[in-house]
C-alpha cells in the first residue's frame, strides 16, 4: 500500500482549526484500544467488565471488545483523521463534528487530489493502490500539520504511506526576495 496523497494547505486549514479549537475529540479505532483514553484509565467491555491488556499495554481483543462509550473524549488528543472509504480524505476528530452547514449531517472533509470521487474516474483504483482495499482511519496529530499552517493556501502537503508509517511533508517555498 505504499503511495503518496496530495492536499492543498488552504483546504486543510478549516479541519486543522476545528480540531485545534474543539474541547473534546473522538478516537479512531486504534485509539479505542488504548486504556489511557478510557474513563479511569481502564478499558471496559459493553457490560462493564475490565478488559485484559496485551504485552504492548493495549486491549487484548481475545477477551472482548472495548466499549466506545467508556472513552473519555477529553483525553483523546486533537488531530486529523486520514480516512479511506469513498475516496481518501482528511477530517477533524473534534466533537461535535465539523458540519458542512448547521442544518446538514454532512461533515467537512478534504479529499486527496488522487482519490477524490468528484475529480477522478480512477479514484477507487488510486485509493486501493495507496491506502488499501479496506476502509480505515489513521489518526494524525496536529503537530504533523503545524508548520504547514504557516504556508500560503496554495502550498501542497503530501501524506506518504508505507506499510509501517505515515509521513507528512509539505512544500517549503523559496523565501521571497525583495528585488
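Computed from the coordinates by the stated procedures, all read-outs in this text should not be read as laboratory data. Small disclaimer: the values here were computed from a predicted structure and weren't measured. Please note: Cβ atoms are built from the backbone with ideal geometry, for glycine as well, and neighbour counts cover all protein chains shown.
Summary table
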read-out	value
Simple spin-label estimate for residue 129 and residue 72 in nanometres, 7 Å along Cα-Cβ	4.6
Rounded, prolate or oblate (a/c below 1.5 giving rounded, otherwise prolate when a/b exceeds b/c) for the chain by Cα gyration tensor	prolate
Gaussian network model of the chain, Cα within-10 Å springs - most flexible of 51, 32, 157	51
Ranked list, fewest to most other Cβ atoms within 10 Å of each Cβ, for 29, 149	29, 149
Cβ crowding within 10 Å averaged over residues, with 72-85, 94-107 ranked highest first	72-85, 94-107
Exposure proxy ranking, count of Cβ atoms within 10 Å, fewest first, for 168, 59	168, 59
Relative contact order, percent, the chain [alpha-carbon distance under 8 Å, six or more residues apart]	32
Residue order, fewest to most beta carbons within 10 Å, for 122, 138, 114	122, 138, 114
Estimated [θ] at 222 nm from DSSP helical runs (n ≥ 4, -39500 (n - 2.57)) normalised by residues in the chain, nearest 500	-4000 deg cm²/dmol
Per residue, the convex hull volume that the Cα atoms of region 34-116 enclose (Å³)	142
Three-way shape label, region 29-70, alpha-carbon gyration tensor, a/c 1.5	rounded
